[in-house]
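**Student:** Pasting a structure below so you can have a look.
The values are calculated or read from the model by the stated rules, or taken from the named source; none is laboratory data. What you see is a predicted model; the values in this text were computed from it and never measured. Quick reminder, even Gly has a Cβ in these numbers, built from the backbone with ideal geometry, and neighbours come from all protein chains shown. When the accessible area is computed, the model is the full protein with side chains, heavy atoms only, and any ligands, DNA or RNA have been set aside. Shrake-Rupley method; radii C 1.70, N 1.55, O 1.52, S 1.80 Å.
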Amino acid sequence: PFDPVKTFTYVGAVANMVHVLVANESFPPNNVKEVRDYAKRNPKSVSIANVSIGTRSHFLGEMLREKSGDSILVVPYKGSAPAMVDLMGGQVQLSFETVTGNVVQTIKSGKIKGLAVISPTRSPYLPNVPSFAELGLPEFVLADASIGVFILSSMPKPLGDRIQHEVMKAVHSPKLREMLAAQ
């Protein structure tokens, strides 16, 4: 019963969330072009985990399905953890996951393959994984998924200004930046 645009005022972004297309280690394709070609040659034999309906991961999976001639099956999951278990177990071949410490370590260990990141450039955490933009698929580089802070628009301006100042001070502190980078 409220208008979010009128009710809230944006304070600022705390962190950006980059996604990566990952594949089961035994899945034959090793890059996005090979995935699309393989899916077209083997319709409905390739599946991608949808970690939660209506999320960015879901939207990206549907885009990949569409770009592959509707030949990829999108499988809904109740979260990233069960999707990753099935990805590593081979029940699904692909998933769009948020670049987190766990995902980075799983890629680096060779348990899954990182195929492409959703960002204009490579992720510093996955320097060997190309970006979709680099692969000539800029439509996958969507608006940043950010964790942000909003306040009530009705808040007195001096208090809102103080909150914004403190949030930005925290966001730029080396300690918080180090903690977020580790996660």
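**Student:** Of V103, A49, L137, which is farthest along the charge dipole of the chain in the positive direction, counting Lys and Arg as +1 and Asp and Glu as -1 at C-beta?
**Tutor:** V103
**Student:** Using a probe of 1.4 angstrom, how much of the accessible area of the chain is carbon and sulfur, in percent?
**Tutor:** C and S atoms contribute 59 percent here.
**Student:** Same structure, new question: Could you give the size of the charge dipole of the chain about its Cα centre, using +1 on the Cβ of each K and R and -1 on the Cβ of each D and E, expressed in debye and rounded to the nearest 20?
**Tutor:** Dipole about the Cα centre, nearest 20: 160 debye.
**Student:** Specify the longest stretch of the chain that does not include any exposed loop site, a site being one of the trypsin sites (Lys or Arg not before Pro) with a non-H, G, I, E, B DSSP assignment and at most 10 other Cβ atoms within 10 Å.
**Tutor:** It runs 79-183.
**Student:** Within the set K78/K108; K111/K175; K78/K111; K111/K169; K33/K108; K40/K108, which residue pairs have Cα atoms separated by over 27 Å?
**Tutor:** K111/K175; K111/K169; K40/K108
**Student:** Let me ask another. From the residues S119, A181, H165, which one has its Cα farthest along the dipole of segment 106-183 in the positive direction, the dipole being from +1 and -1 charges on Cβ of Lys/Arg and Asp/Glu about the Cα centre?
**Tutor:** After comparing all options, I get A181.
**Student:** Another one. P(r) for the chain: what percent of alpha-carbon pairs falls in each 5 Å bin, starting at zero?
**Tutor:** For the chain, the binned pair fractions read 1, 8, 15, 17, 17, 13, 9, 8, 6, 3, 1, 0, 0 percent.
**Student:** Further, regarding this structure: Starting from 0.36 nm per residue, how many nanometres of slack lie between K44 and T100 once their C-alpha separation is accounted for?
**Tutor:** 17.2 nm
**Student:** Using θ = phi - 60° and the Karplus curve 6.51 cos²θ - 1.76 cosθ + 1.60, what whole-Hz ³J(HN,Hα) does each residue of segment 78-85 get, with Gly and Pro shown as x?
**Tutor:** 9, x, 6, 4, x, 5, 5, 4
**Student:** Follow-up question, since we're still on this one. In percent, how large is the relative contact order of the chain, given Cα pairs closer than 8 Å and 6 or more residues apart?
**Tutor:** 32
**Student:** In debye, nearest 20, what is the charge dipole magnitude of segment 65-134 about its Cα centre with +1 on Lys and Arg Cβ and -1 on Asp and Glu Cβ, if you could check?
**Tutor:** That gives segment 65-134 a dipole magnitude of about 180 debye.
**Student:** On average, how much accessible surface per residue is there in segment 24-183, in Å², for a 1.4 Å probe, leaving out ligands, DNA and RNA?
**Tutor:** Solvent-accessible surface per residue comes out at 56 Å².
**Student:** Where the only charges are on Cβ atoms (+1 Lys, Arg; -1 Asp, Glu), what is the dipole of segment 96-159 about its Cα centre, to the nearest 20 debye?
**Tutor:** It comes to approximately 220 debye.
**Student:** Note down the accessible area of E34, probe 1.4 Å, to the nearest 10 Å².
**Tutor:** Surface accessible to solvent at E34 totals approximately 70 Å².
**Student:** How far is helix 32-41 tilted off the main Cα axis of the chain, in degrees rounded to 10, range 0 to 90?
**Tutor:** Value to nearest ten degrees: 50.
**Student:** Sticking with this one: At what distance in angstrom do the alpha carbon centres of segment 94-148 and segment 32-64 lie from each other?
**Tutor:** 15
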